[in-house]
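Please read the structure below before turning to the comments.
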């Protein structure tokens, strides 16, 4: 069964540069393995990605002056313009070629390869920065560091960078106080936030690296679900945050890419999770896990003001890159 992806999901975003991106005006979705998929070769032609350089039927490697896409059969992780992204469904190998789920083309690949292009320009006036935890909720504890202290320090540094760029920002907390998840979301809405950036540090034994989260599209599973099949009650229904799916992933990509470039940290990817502050955000929203306090080597870096300054600068530059791209349409 063959259908126009545009007809199924209102796929093609009208953009002045559309003719430069590919050779055809639509992509076609095919019914495979109980879902809708797009052939990698057709996707590459649409986005003018050139030829597959991998030499393997189980991998695809596309690289041009303006775009990069690396993927492998049966894996949810792909490399997209220098950043690892987690798909909702593993890459499928069928009929002698590779396929990506249509929802992943719509909600991950297209927003990134189009650099945040949308029908109408966005204007970024106010950013809400959310230092995770606080008060009675200390968050992750490393050998010496406590997450709630590190997130507040990093958030304040980020606020200073944004103010220097004349981009107004406000914090959900400015002291070691307890702020509920609901209050954080309500605060952003009360400030008419255009972006919401939640700052955290991670835990996980000896794991290291940086990851940035945005909300999964409705009907798809979180990154944490290895089976890519289990949906919790309500996950098949859109949440308020899903109104900004394309902007969420583009913002996450810009910030993650900037963090990797500045710090040289391990790329743990743009991931998907239904964290409350992402699910109910009234604007594009991301959650940054800026390193592992449970990894002694990484913790030692995080504990230094110089490294937290690096992190703040990188997040700010990612936000500014996003702002420039969505305001210049």
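A short reminder: the numbers here are calculations on the coordinates, not readings from a lab. The structure presented is a predicted model; accordingly, all values stated were derived computationally and were not measured. In this analysis, Cβ positions are derived from the backbone assuming ideal geometry, glycine residues included, and neighbour counts consider all displayed protein chains.
The long axis of helix 305-327 is offset from the longest Cα principal axis of the chain by roughly 40 degrees. The candidate values were [x] 16.5; [y] 15.0; [z] 18.5; the one computed from these coordinates for mean projected area of the Cα convex hull in nm² carries the label [x].
A quarter of the convex hull surface defined by the alpha-carbon atoms of the range 70-132 gives 6.5 nm² as the mean projection.
Can you compute the helix-only [θ] at 222 nm over the chain? Use -39500 (n - 2.57) per DSSP H run of at least 4 residues, normalise by all residues, nearest 500 deg cm²/dmol. Counting only the DSSP helices, I get -9000 deg cm²/dmol.
Summarising the strand pairing of the chain, around 60 percent of its internal DSSP beta bridges are antiparallel.
Taking the C-alpha atoms only, the angle from helix 147-164 to the longest principal axis of the chain is near 80 degrees. Before anything else, pin down the relative contact order of the chain: Cα pairs under 8 Å, at least 6 apart, normalised by residue count, whole percent. The normalised contact order for the chain reaches 18 percent. Averaging Cα coordinates gives a centre for the range 134-156 and one for the range 203-268; these two points are 22 Å apart.
Look at the Cα gyration tensor of the range 274-317: its axes a ≥ b ≥ c give a/c of at least 1.5 with a/b at or below b/c, and that counts as oblate. Taking 0.36 nm per residue of sequence separation and removing the Cα-Cα distance, the residue 262/residue 160 pair yields an extension gain of 34.9 nm.
Each residue in 133, 253, 125 was given a count of other beta-carbon atoms within 10 angstrom of its own, and listing them fewest first yields 125, 133, 253.
Principal semi-axes of the equivalent ellipsoid, √(5λ) from the alpha carbon gyration tensor of the range 237-329, are 25, 17, 10 Å from largest down.
What do you get for the angle between helix 181-190 and the principal long axis of the chain? Use alpha-carbon atoms, 0 to 90 degrees, nearest ten. With rounding to tens, the tilt is 80 degrees.
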